[in-house]
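Please read the structure below before turning to the comments.
The values are calculated or read from the model by the stated rules, or taken from the named source; none is laboratory data. Here the structure is a predicted model, which means the values were calculated and not measured. Note: ideal-geometry Cβ built from the backbone for every residue, glycine included; neighbour counts use all protein chains shown. Calculation scope for accessible area: heavy atoms of the full protein, side chains included, ligands and nucleic acids excluded. Shrake-Rupley method; radii C 1.70, N 1.55, O 1.52, S 1.80 Å.
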Amino acid sequence: MEDKTKLMSTKGLLQSQELYEYILETNVYPREPEPLKEIRDITANHPRCLMATAPDAGQMISMLLELVNAKKTIEIGVFTGYSLLLTALTIPDDGKITAIDLDRDAYEMGMPVIRKAGLEHKINFIQSPALPVLDKLLEDNDNKESYDFAFIDADKVNYQKYHERLLQLVKVGGIIVYDNTLWSGTVAMPEESVSELLKAVRHHTIEFNKFLAADTRIRLSQVPLGDGITICRRL
Ligand code: SAM
Ligand code: CA
């Protein structure tokens, strides 16, 4: 069994840890590219290592990127770069990722792996709160409807604001994936049973899920991979 299984398995939402480990061991880890394993190892030393994208969700994201032939993508919430690296590994050599995060230090932790894999040229890292960057991008008409794919994994309280901007930046048929949309399963728990730590984001997540479910501008699928991902396709 892989060293990091215990750590990663705490992200799962399935009925049992054994089932989640089964999926990771059978389908995910054997096919996970070496640089992604390296970034997981490096990330394990970070005090907030649980923030990294779950490898089972990552595998789906990678498949979606391939299915839409994504070349130009945007990522909000980079951390040490697991999802960023898997995107860089998947898009073509002349593809470009606009990657936004407040935290450059975490990004620098994973950077040696990205550099070693020869993928740095695909990444435009912007250290900033995401909202003003999206607004700035929208000032240039060339950016409108130009992105094939977006992965959103940052401050949940702003997901709806990101969504409005992303619907202008992503082309028709393009994909927007939101992470943590089941928030440790708390979206379906009575509020009184949820820890204070999870309560505030639980509320935003419930509201956001309701909003997306009613949004006629997208096709949608809520998938219980990792901590829950919602896959949206712009109509
Ligand atoms: N996708 C990453 C991965 O695969 O490792 C994990 C991202 S982590 C869950 C969330 C990140 O969002 C943190 O690195 C944090 O600094 C960043 N973040 C939080 N609020 C933000 C904001 N308003 N704008 C940009 N980044 C933000
Ligand atoms: Ca996440």
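For region 116-136, the condition of being under 23 Å from Arg234 (Cβ atoms), among the hydrophobic types (A, V, I, L, M, F, W, C), open to solvent by less than 10 Å² (accessible area, probe 1.4 Å) and touching a helix residue (DSSP H, G or I) at 6+ places or on another chain (Cβ under 6 Å) holds for at least one residue. Applying the criterion of being farther than 21 Å from Val172 by Cβ and assigned to a loop (DSSP other than H, G, I, E, B) to the residues of region 128-144, the residue that is nearest to ligand 2 (Cβ to nearest atom) is Pro129.
Residues of region 75-97 being β-branched (Val, Ile, Thr) and either within 10 Å of ligand 1 (Cβ to nearest atom) or surrounded by 21 or more Cβ atoms within 10 Å (Cβ to Cβ) (or both), which ones? Selection gives Ile76, Val78, Thr80, Thr87, Ile91, Ile97. Of the set (1) aliphatic (A, V, I, L, M); (2) surrounded by 12 or more Cβ atoms within 10 Å (Cβ to Cβ); (3) over 25 Å from Ser62 (Cβ atoms), all apply to Leu212 but (3). If I filter region 152-166 for residues that are crowded, with 22+ Cβ neighbours inside 10 Å, within 17 Å of the chain's Cα centre (by Cα), more than 14 Å from ligand 1 (Cβ to nearest atom) and not in a helix (DSSP H, G or I), do I get at least one hit? Within region 152-166, none of the residues are crowded, with 22+ Cβ neighbours inside 10 Å, within 17 Å of the chain's Cα centre (by Cα), more than 14 Å from ligand 1 (Cβ to nearest atom) and not in a helix (DSSP H, G or I).
Does Glu192 qualify as being free of Cβ contacts under 8 Å to residues at least 40 places away in the same chain, more than 30 Å from Tyr20 (Cβ to Cβ), open to solvent by 40 Å² or more (accessible area, probe 1.4 Å) and among the charged types (D, E, K, R)? Against the criterion (free of Cβ contacts under 8 Å to residues at least 40 places away in the same chain, more than 30 Å from Tyr20 (Cβ to Cβ), open to solvent by 40 Å² or more (accessible area, probe 1.4 Å) and among the charged types (D, E, K, R)), Glu192 does not qualify. In region 221-234, of all residues being within 26 Å of Leu50 (Cα to Cα) and out of contact with any Asp or Glu (no Cβ under 9 Å at 6 or more places or on another chain), the one that is surrounded by the most Cβ atoms within 10 Å (Cβ to Cβ) corresponds to Ile231. Annotation: Asp103 fulfils all but one of (1) open to solvent by less than 10 Å² (accessible area, probe 1.4 Å); (2) more than 13 Å from the chain's Cα centre (by Cα); (3) within 8 Å of ligand 1 (Cβ to nearest atom); the unmet one is (1).
Checking each residue in region 214-235 for being away from ligand 2 (no atom under 16 Å from the Cβ), out of contact with any Leu (no Cβ under 7 Å at 6 or more places or on another chain) and hydrophobic (A, V, I, L, M, F, W, C) picks out Ala214, Leu235.
Of the residues screened, Ser184 is one that is surrounded by fewer than 23 Cβ atoms within 10 Å (Cβ to Cβ) and either at pLDDT below 95 or part of a loop (DSSP other than H, G, I, E, B) (or both).
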